[in-house]
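Each remark here refers to the structure printed beneath this line.
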Amino acid sequence: MRELVYYVAVSLDGYIAGPDGEFDAFLVEGDHMAGINERFPDTIPTDHAAALGIDQSGGGFDTVLMGANTYAVGLPAAPSPYRHLDQYVFTHRPPAPVDGVTFTDRDPVELVRELKSRDGKDVWLCGGGSLATQLAGEIDRLVLKRQPLLFGDGIPLFTPGTYAPGRFDRVSSREFGTGVSFTEYVRA
């Protein structure tokens, strides 16, 4: 069965972006990049992967989910950032149609359950924190690229929600010279 995987970079104080969606402080150079790109080549935007010569055909995802703010980060440079994946953007104000992107205001839990029931590769939850909170009960695997940074404010990994503890077991952890750690958890 397909899994929903929340794969995301996060600061030491738990933010996935700055207050206005900034993510330029995250380290994108260093020894951690080769290991991460090797394991998750399909999480690199299509145009960047092509420019870097990265083969995305062997990745573990065929679908990406993101909130409207996460999607907006790449605009207008790449209105269809992950053309190699089925792209779903959750929004109540869909923009003009974009080839390869499905804008939806459906209940995220309902859509994820439908996607999980289909054949295919895993589903990548790209962001943001509000969407992650809505889908917390559906997340099967959590993959954190913890960065050695303090943001002080921003968009949290999960926005405040209903108190509902859910245990995850660590299945792997890797430390890099840059100070980035790559830790993977599965739902217990």
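The values are calculated or read from the model by the stated rules, or taken from the named source; none is laboratory data. Note that this is a predicted model, so its numbers are computed, not measured. Neighbour counts are summed over all protein chains in view; Cβ atoms, including those assigned to glycine, are modelled from backbone coordinates with ideal geometry. Protein only, heavy atoms only, side chains kept; ligands, DNA and RNA dropped before computing areas. Shrake-Rupley method; radii C 1.70, N 1.55, O 1.52, S 1.80 Å.
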Requested in this report: With only alpha-carbon atoms counted, please give the Rg and Dmax of the chain, in Å.
Outcome: 15.8, 44
Query raised in the report: Going from most exposed to least, what order do SER57, SER11 have by accessible area with a 1.4 Å probe?
Result: SER57, SER11
Query raised in the report: How many percent of the accessible area of the chain is carbon or sulfur, using a 1.4 Å probe?
Result: 52 percent
Query raised in the report: Kirkwood hydrodynamic radius (Cα pairs, Å) of region 88-161?
Result: 14.3 Å
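How high is the relative contact order of region 4-159, in percent, with contacts defined as C-alpha pairs under 8 Å that are six or more residues apart?
43 percent
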Requested in this report: Name the residue, out of SER173, SER130, SER80, whose mean-square fluctuation peaks in a Gaussian network model built on the chain with Cα pairs under 10 Å.
Outcome: SER173
Query raised in the report: With the chain treated as a Gaussian network of Cα nodes joined by springs under 10 Å, which of GLY161, GLY60, GLY35 yields the largest mean-square fluctuation?
Result: GLY161
Requested in this report: Go through region 44-61 residue by residue and turn each phi into a ³J(HN,Hα) via Karplus (6.51, -1.76, 1.60, θ = phi - 60°); whole Hz please, and just put x for glycine and proline.
Outcome: 8, x, 3, 5, 5, 4, 4, 5, 8, x, 8, 7, 9, 5, x, x, x, 10
Report summary line: The answer for trypsin sites (Lys or Arg not before Pro) in region 114-188 that fall in a DSSP coil and have at most 10 neighbouring Cβ atoms within 10 Å is ARG167
**Report entry** Where region 4-159 is the region considered: accessible area per residue in Å², 1.4 Å probe
**Finding:** 49 Å²
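Which net charge results when you count Lys and Arg as +1 and Asp and Glu as -1 among the other residues whose beta-carbon is under 15 Å from that of HIS92?
0
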Report task. With a/c under 1.5 counting as rounded, go ahead and sort region 48-138 into rounded, prolate or oblate using the C-alpha gyration tensor (a ≥ b ≥ c being the square roots of the eigenvalues; past the cut-off, prolate if a/b is larger than b/c, else oblate). Result -> oblate
Query raised in the report: So which chymotrypsin sites (Phe, Trp or Tyr not before Pro) in region 154-188 pass both tests, a DSSP loop state and at most 11 other Cβ atoms within 10 Å of the Cβ?
Result: TYR163
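Return the loop-located chymotrypsin sites (Phe, Trp or Tyr not before Pro) in region 76-142 (DSSP other than H, G, I, E, B) with at most 10 other Cβ atoms within 10 Å of their own Cβ; answer none if there are none.
Details: sites: TYR82, TYR88, PHE90, PHE103, TRP124; in loops: TYR82.
Those that pass, being in a loop and sparsely packed, number zero.
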Report summary line: Taking every DSSP bridge whose two residues both lie in region 4-159, the antiparallel percent to the nearest 5 is 10 percent
Report summary line: For region 75-188, percent of DSSP beta bridges that are antiparallel (nearest 5) comes out at 80 percent
